[in-house]
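The values are calculated or read from the model by the stated rules, or taken from the named source; none is laboratory data. What you see is a predicted model, and the numbers here were worked out from it, not measured in a lab. Backbone-built Cβ (ideal geometry, glycine too); neighbour counts: all protein chains shown.
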Amino acid sequence: MHPAPKGGWKPLRSRGVAQVAYYDAMSGEWHPAFEEYCETIFELAEEGVRVVQARISERLEVSRPSVSGMVKRLVAEGYVSLEGPEIVLTESGQTLAQRVVRRHRLAERFLCDVLGLPWAVAHHEAGKWEHIISDEVEAAFVKVLGDPTTCPHGNPIPGSGYVVQDVQPLASLPTGADFTVSRIPESLEFEPGVLEFLEQCRIVPGAEGTVAATAPDGTVTLRIGGSTFGVGAFAADRILVSH
């Protein structure tokens with residue numbers, strides 16, 4: 001069995017590149033930090049997470065004061081609104097976030113499907129590309145890739161023809177249940193070693209398997225393609241499957 005791994009000039013962890021926080025009114029270009037925050041809010045909401053400053057701080061690995069300062073900037077610029085402690089994208093913020101997420105997931109698809117890069121490398125590289133892809137390059141990606149509806153991990157590409165599927169967490173299945181892997185949520189893409197582990201074990205969208213056992217600590221033992229793997233509770237709670 002294979003074990004499962006589990007405002008200001010502030011670097012952002014989410015895409016592996018240091019960004020700074022401002023909007024260049026002279027050039028009319030969005031600053032990457034605004035994009036990073038809107039993207040993070042979008043992805044947390046996509047996973048059903050209650051978006052508060054603490055969750056953003058955890059995802060980006062920046063201090064709470066930094067998050068607080070940036071949220072104030074985003075509110076002032078009209079990209080988010082506050083509903084008590086919850087942070088919600090406005091229409092402008094949603095548009096910006098969807099553009100960045102779309103380009104990130106198209107870039108991942110290109111890097112994996114065309115260039116043959118591993119998931120983890122593609123995810124890191126796409127985090128840089130998402131900020132610089134032009135409309136022309138985006139259109140070229142769509143043409144070359146055949147207008148894909150998901151990234152390599154099964155997450156929907158905004159603006160595509162993605163059809164919502166009936167899915168549930170892997171951890172919710174009983175022993176003996178058959179399943180098909182549907183999605184590897186963004187939260188797992190930020191956990192060290194997880195993407196490498198899942199790709200190595202072929203726990204990928206479209207893979208079919210069976211739940212062999214569930215341990216008291218939440219570890220789920222899977223059988224996929226004649227091999228047996230143990231998936232830790234953190235990942236099993238988040239991997240989405242159809243049953």
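So if I check each of Gly154, Gly209, which one is of a type in the set (Gly, Ala, Ser), within 18 Å of Gln98 (Cα to Cα) and surrounded by 15 or more Cβ atoms within 10 Å (Cβ to Cβ)? Working first, answer last.
Working: Gly209 fails: within 18 Å of Gln98 (Cα to Cα).
On inspection, the qualifying residue turns out to be Gly154.
Residues of region 114-127 being in a helix (DSSP H, G or I) and within 18 Å of Ile157 (Cβ to Cβ), which ones?
So in region 114-127, the residues in a helix (DSSP H, G or I) come out as 119-127.
Selection gives Trp119, Ala122, His123, Glu125, Ala126, Gly127.
Yes or no: Phe179 surrounded by 14 or more Cβ atoms within 10 Å (Cβ to Cβ) and closer than 18 Å to Cys112 by Cβ? Full working, then the answer.
Numbers: surrounded by 14 or more Cβ atoms within 10 Å (Cβ to Cβ): yes; closer than 18 Å to Cys112 by Cβ: no.
So Phe179 does not fit the description; no.
Kindly indicate whether Arg183 is more than 27 Å from Val51 (Cα to Cα) and either of a type outside the set (S, T, N, Q) or in the same structural domain as Glu46 (by TED's automatic domain parsing) (or both). Step through it out loud before you land on a result.
Details: more than 27 Å from Val51 (Cα to Cα): no; either of a type outside the set (S, T, N, Q) or in the same structural domain as Glu46 (by TED's automatic domain parsing) (or both): yes.
Answer is no for this residue.
Exactly one condition in (1) buried (at least 16 other Cβ atoms within 10 Å of the Cβ); (2) more than 20 Å from the chain's Cα centre (by Cα); (3) not aromatic (Phe, Trp, Tyr) is false for Ser68; which is it?
Ser68 satisfies all of (1) buried (at least 16 other Cβ atoms within 10 Å of the Cβ); (2) more than 20 Å from the chain's Cα centre (by Cα); (3) not aromatic (Phe, Trp, Tyr) except (1).
Give the residue that is farthest from Tyr37 (Cα to Cα), with candidates limited to residues of region 85-140 that are surrounded by 17 or more Cβ atoms within 10 Å (Cβ to Cβ) and among the charged types (D, E, K, R).
So, considering only residues that are surrounded by 17 or more Cβ atoms within 10 Å (Cβ to Cβ) and among the charged types (D, E, K, R), the one farthest from Tyr37 (Cα to Cα) is Arg109.
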